[in-house]
Amino acid sequence: MEALKLEIAAVAARLIVEEGMEFATAKRKAVKEMGLSARTALPDSDAVQTAVEDYIAEFCADTQPQELRDLRQMALHWMDRLQIFRPYINGAVWNGSATRNSDIYLQLFCDDPKSAEIFLIDKHIRYQPGSVAGRHGEQLNALSVQVLCKDFNAYVGIHLVIYDRDDQRGMPQLDARGRQLRGDSAALRRLLGDNAP
C-alpha cells in the first residue's frame, strides 16, 4: 500500500510541476491516470511535497532556481502593494518548490472582507472572485489576478486569499517537517537576499 501511495505521489508531482496543478487536484488526477479506483488511499501532502522536490531536482534543476526567484520577486512586489492587508505568502513560491507553472498565493488579513476587493477596483486592477482550497480542503474566498511575468513572458496567477484580521492569530506556523508554512514580506526579502530556494 505504501509503495502505491509513493507512485501516486510521483505522478501527482509531475502534474504539479509540469501543469501547475494544486496538490488535491493532482492527487485525484494521478489516481485517474493510473487507472485506479477513486477510493484508492491517497498519499499525504508531505509525501507529495517530497516527490515534487525530487522531480524538480531530477528534471528542472537548471531552470527552476531562476524561475523561483522571478516568482518571489513578483510576489514581493505585490506584497508591498498590499501592505495595508498584512500579507503573508505561502504555497510553492514560499516553500521553494515553484516553477514557471506555479501560481502565487498571498494571504490577506482584512478588517472588512470587501476591503481588498475595493482596493483592487480603486487601482483599476482586473480580478476574478472565486475560491481556492485551503490546507485541509476547505474552500476559501479569493481574488485572482493574472499578471505578466516579463522574465519568462508568461502570465502568472496571483491568488489573494481573504481572511478576517483575527484569523491571523490562529494560523498554524509550522508544517509536519518543522518548516514555516508562510512568511511576511521581511521573511521573503531575506530569502531573496540569501538567494535561497
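The values are calculated or read from the model by the stated rules, or taken from the named source; none is laboratory data. Model, not experiment: these values are computed from the prediction. As a convention, Cβ positions derive from the backbone with ideal geometry for all residues, glycine included, and neighbour counts pool all protein chains shown.
Candidates 96, 130: the one that is touching a residue at least 12 places away in the same chain (Cβ under 8 Å), within 19 Å of residue 13 (Cβ to Cβ) and out of contact with any Phe, Trp or Tyr (no Cβ under 6 Å at 6 or more places or on another chain) is 96.
For residue 172, the requirement of being at negative phi and either at pLDDT below 90 or more than 18 Å from the chain's Cα centre (by Cα) (or both) is met.
Results for (1) assigned by TED's automatic domain parsing to the domain that holds residue 146; (2) surrounded by 18 or more Cβ atoms within 10 Å (Cβ to Cβ); (3) in a loop (DSSP other than H, G, I, E, B); (4) aliphatic (A, V, I, L, M), shown as yes or no for each residue.
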| site | (1), (2), (3), (4) |
| --- | --- |
| 71 | yes, yes, no, yes |
| 79 | yes, yes, no, yes |
| 84 | yes, no, no, yes |
| 89 | yes, yes, no, yes |
| 93 | yes, yes, no, yes |
| 97 | yes, yes, yes, no |
| 102 | yes, yes, yes, no |
| 108 | yes, yes, no, yes |
| 121 | yes, no, no, yes |
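Would region 45-52 turn up any residue that is at pLDDT 95 or above, under 17 Å from residue 190 (Cα atoms) and crowded, with 17+ Cβ neighbours inside 10 Å? The answer is no, given that none of the residues of region 45-52 is at pLDDT 95 or above, under 17 Å from residue 190 (Cα atoms) and crowded, with 17+ Cβ neighbours inside 10 Å.
Given the options 182, 169, 177, 165, name the one that is in contact with a strand residue (DSSP E or B) (Cβ under 6 Å, 6 or more places away or on another chain) and farther than 19 Å from residue 104 by Cα. Please lay out each step first, then the result.
Numbers: 182 fails: farther than 19 Å from residue 104 by Cα; 169 fails: in contact with a strand residue (DSSP E or B) (Cβ under 6 Å, 6 or more places away or on another chain); 177 fails: in contact with a strand residue (DSSP E or B) (Cβ under 6 Å, 6 or more places away or on another chain).
None of the other options fit; the residue is 165.
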